[in-house]
Amino acid sequence: DAKTTQPPSMDCAEGRAANLPCNHSTISGNEYVYWYRQIHSQGPQYIIHGLKNNETNEMASLIITEDRKSSTLILPHATLRDTAVYYCIVRLISNFGNEKLTFGTGTRLTIIP
Amino acid sequence: DSGVTQTPKHLITATGQRVTLRCSPRSGDLSVYWYQQSLDQGLQFLIQYYNGEERAKGNILERFSAQQFPDLHSELNLSSLELGDSALYFCASSAYTDTQYFGPGTRLTVL
């Protein structure tokens, strides 16, 4: 799996958009970008994933650059409950089945009231 | 709620003992994964089962073993426990090539 680089920590004011960057310059053509978050010691929570195109769901938006070497997770209106560690993961999905997730150290996002 | 359940929530035991952690995947998911999260190692993949068969192995110690039963629930067995085995243990499940969804975890404390 390609390696990812994320800032160790970020702050964001409540109600503002939180933009979390991720660098994955060695990503290959059939690797997806996944985002998970972990609130305190709870189980990691799936947020969103994408291959090439930008994606949006009820939780967040994922913007992937055209060269796919980096991406940004956007939480449009951050709330205090969004305080968590956010993990950007590059993952291969092959015809041989699902692949393990390799977690890095993530970005600790703190939402400031 | 991800639909993945894990029991027990907390487990406190002594060194040298053996424990069993249980995971029930989401309805319809055939793949089960086990991950360990300790303070110094972060989240690490241990092992994956697909429809009862071992599919992939990560950094799983020989003292640890797992299995997936015909009803698709899985158990992680940890034996000869050491202080360093204290950690959060998470189970995740997925369909064949789909997203992994995590359970709430079991916190193991070895005294």
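The values are calculated or read from the model by the stated rules, or taken from the named source; none is laboratory data. Treat the numbers as computed from the prediction; the structure is a model and nothing was measured. A quick note on method: Cβ atoms are made from the backbone with ideal geometry, for glycine too, and the neighbour counts reach across all protein chains shown. Ligands, DNA and RNA are excluded from the accessible area calculation, which covers all protein heavy atoms including side chains. Shrake-Rupley method; radii C 1.70, N 1.55, O 1.52, S 1.80 Å.
Considering all different alpha carbon pairs of the protein assembly as shown, the Kirkwood hydrodynamic radius works out to 18.1 Å. With the convex hull drawn around the C-alpha atoms of chain B, the volume per residue stands at 91 Å³. Relative contact order, whole percent, for chain A stands at 37, derived from Cα pairs under 8 Å and 6 or more residues apart. A Förster distance of 41 Å, applied to the separation of the beta-carbon atoms of residue A:52 and residue B:14, puts the FRET efficiency at 0.20. Per residue, the protein assembly as shown exposes an accessible area of 50 Å² to a 1.4 Å probe, with every protein chain left in place. Applying 1/(1 + (r/R0)^6) with R0 = 35 Å to the Cβ-Cβ distance of residue A:23 and residue A:59 gives a FRET efficiency near 0.95. Taking Cα centre as origin and charging only the Cβ of basic (Lys, Arg, +1) and acidic (Asp, Glu, -1) residues, the dipole magnitude of chain A rounds to 180 debye. With a 1.4 Å probe and all protein chains left in place, how much of the accessible area of chain A comes from carbon and sulfur atoms, in whole percent? It is 50 percent, rounded to a whole number.
Highest-first packing order for the peptide set B:67-78, A:32-43 is A:32-43, B:67-78, based on the mean count of other beta carbon atoms within 10 Å.
Residues of the range A:30-69 that bury at least 30 Å² of accessible area when the other protein chains are present, relative to the chain alone (probe 1.4 Å, heavy atoms, ligands and nucleic acids excluded): A:36, A:38, A:41, A:43, A:44, A:46. Listed by chain and number, the lysines placed with their C-alpha closer than 27 angstrom to that of residue A:3 are A:52, A:69, A:100, B:57; residues fewer than eight positions away on the same chain are left out. The modelled label-to-label distance for the pair residue A:92/residue B:38, using points 7 Å beyond Cα in the direction of Cβ, is 2.8 nm.
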